[in-house]
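*Asks:* Please find one structure pasted underneath; my questions will follow.
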Amino acid sequence: MRLEQLSTQLKIHSPSPEQRIQTDWTTNSNIQFYVKRDDLIHPIISGNKWRKLKFALYEAVKAKHPHIISFGGGFSNHLHALGYCCRHLGLKFTAIVRGNYQDNPSPMLNDLNAWNADIQYVDRLTYQKRADPSYLNELQCSYPDALVIPEGGSQQAALAGVAEIIDELQQHYDYILLPTASGGTLAGLVARLEHISYGPPIEVMGIGVLKGEGYLENLVTDLLPNQQAKQNWRINHNYHFGGYAKSNENLQLFCSDFFQQTQIAIEPVYSGKLFYALKALITEQYFPKGSRILALHTGGLQGAR
Ligand SMILES: *Cc1c(COP(=O)(O)O)cnc(C)c1O
């Protein structure tokens, strides 16, 4: 199978559109605001999860791994996307899920069940070991045929898929903003931009969606080839709203108002925090006049069910 056949088989819409957006907080702002609609890549395979999983899935199919194992929480967009891909590619899928949702499964877990995934609920302490070499070794010994993919799909092999976002862009941007949780998407963008030596610089800003000052920067740096120094990228920690999946009424109202103004659906865990931060930064004139700004809509609407 070739890589394009994988995309065709899964009905991936690519490249995703890049749209100019007007809202009441951009009209008089002297900046140009665009959105890269990775949320439209697929109705179920959440935008940035496809970007991160693409090459890993291709390797799994090529190397004839009949089985994929990965990790996530009870509402994980990553497990949802991967479970759907495995179902459609005829691969066995084991989801190792933090917490016990047996009696009270989320819509995401109901979908995984319907797709015949093998779901293993583990306690917090076991889940904490998800990246330990000895734990992964044991797992691999129990399932010698399986390909183990880390939480969120964030691994070195994910960077090339994310880099394609940069290559699809139709014009120059001064800033690219995106939500950041496990750092793979940010690292993929930065790794690609390091190899572009022409044109004016592009600054990448991750909006941290969890309380993770220092921790998130380390995740990104660890993924970058040669542990590239921090250049042209930063993570803004002012818009996590108290932690992962935490929100408040302001954020909820903002999400529905944004939808009314743009017809683009967002949710409070990832894209809501991204666009909320953008509105705040534009309003306080953080960006120089005339800036072109691209927001990456990473998808994730299933998590809001
Ligand atoms: C997983 C996810 C993110 C976080 O991406 P990372 O690469 O883990 O930083 C952002 N947005 C959505 C919708 C996601 O599902």
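The values are calculated or read from the model by the stated rules, or taken from the named source; none is laboratory data. From a predicted model like this one, the values you see are computed outputs, not experimental measurements. Counting neighbours? That spans all protein chains shown, and the Cβs are built from the backbone with ideal geometry, glycine included. Heads up: the accessible areas ignore ligands, DNA and RNA and are worked out on the full protein's heavy atoms, side chains in. Shrake-Rupley method; radii C 1.70, N 1.55, O 1.52, S 1.80 Å.
*Asks:* Any residue in the stretch 199-228 that is without any contact (Cβ under 8 Å) to a residue 12 or more places away in the chain and polar (S, T, N, Q) sitting within a Cβ distance under 8 Å of a residue that is in a helix (DSSP H, G or I) and open to solvent by less than 50 Å² (accessible area, probe 1.4 Å)? List the pairs, counting only those 6 or more apart or interchain.
*Replies:* Here the result reads 227/221, each pair linking the stretch 199-228 to a residue that is in a helix (DSSP H, G or I) and open to solvent by less than 50 Å² (accessible area, probe 1.4 Å).
*Asks:* Going residue by residue through the stretch 258-267, is there one that turns out to be within 10 Å of the ligand (Cβ to nearest atom) and among the aliphatic types (A, V, I, L, M)?
*Replies:* yes
*Asks:* Could you check the stretch 266-276 and list, in sequence order, the residues that are in a helix (DSSP H, G or I) and either over 13 Å from the mean Cα position of the chain (by Cα) or farther than 15 Å from residue 178 by Cα (or both)?
*Replies:* 272, 273, 275, 276
*Asks:* If we scan the stretch 1-16, do we find a residue that is touching a residue at least 12 places away in the same chain (Cβ under 8 Å) and closer than 18 Å to residue 263 by Cα?
*Replies:* Yes, the stretch 1-16 has at least one match.
*Asks:* Give me the residue from the stretch 277-305 that is away from the ligand (no atom under 14 Å from the Cβ) and assigned to a helix (DSSP H, G or I) and, out of that set, most open to solvent (accessible area, probe 1.4 Å).
*Replies:* 283
*Asks:* Looking at the stretch 245-264 only, could you name the residues that are at negative phi, touching a residue at least 40 places away in the same chain (Cβ under 8 Å) and not in a helix (DSSP H, G or I)?
*Replies:* Of everything in the stretch 245-264, just one residue is at negative phi, touching a residue at least 40 places away in the same chain (Cβ under 8 Å) and not in a helix (DSSP H, G or I), namely 264.
*Asks:* Being touching a strand residue (DSSP E or B) at 6+ places or on another chain (Cβ under 9 Å) and within 30 Å of residue 66 (Cβ to Cβ): is that true of residue 208 here?
*Replies:* no
*Asks:* Of the residues in the stretch 1-17, how many are of a type in the set (D, E, K, R), in a loop (DSSP other than H, G, I, E, B) and over 16 Å from residue 84 (Cβ atoms)?
*Replies:* Of the residues in that region, 1 qualify.
*Asks:* Can you tell me which residues in the stretch 23-42 are open to solvent by 50 Å² or more (accessible area, probe 1.4 Å) and at pLDDT 95 or above?
*Replies:* The answer is 24, 32, 40.
*Asks:* Of the numbered conditions (1) within 14 Å of the chain's Cα centre (by Cα); (2) open to solvent by less than 10 Å² (accessible area, probe 1.4 Å); (3) closer than 27 Å to residue 60 by Cβ; (4) of a type in the set (Gly, Ala, Ser), residue 206 fails exactly one; give the number of that condition.
*Replies:* (3)
*Asks:* Still on this model: State whether the residues of the stretch 119-131 include one that is modelled with pLDDT of 95 or more and within 12 Å of the ligand (Cβ to nearest atom).
*Replies:* no
*Asks:* Within the bounds of the stretch 45-63, is there any residue that is open to solvent by 30 Å² or more (accessible area, probe 1.4 Å) and of a type in the set (Ser, Thr, Tyr)?
*Replies:* yes
*Asks:* Starting from residues that are open to solvent by 60 Å² or more (accessible area, probe 1.4 Å) and hydroxyl-bearing (Ser, Thr, Tyr), keep the ones in the stretch 109-142 and report whichever is farthest from residue 80 (Cα to Cα).
*Replies:* 134
*Asks:* Would you check which residues across the stretch 225-243 are part of a loop (DSSP other than H, G, I, E, B), surrounded by 15 or more Cβ atoms within 10 Å (Cβ to Cβ) and at pLDDT 95 or above and list them?
*Replies:* Matches in the stretch 225-243: 237, 239, 240, 241.
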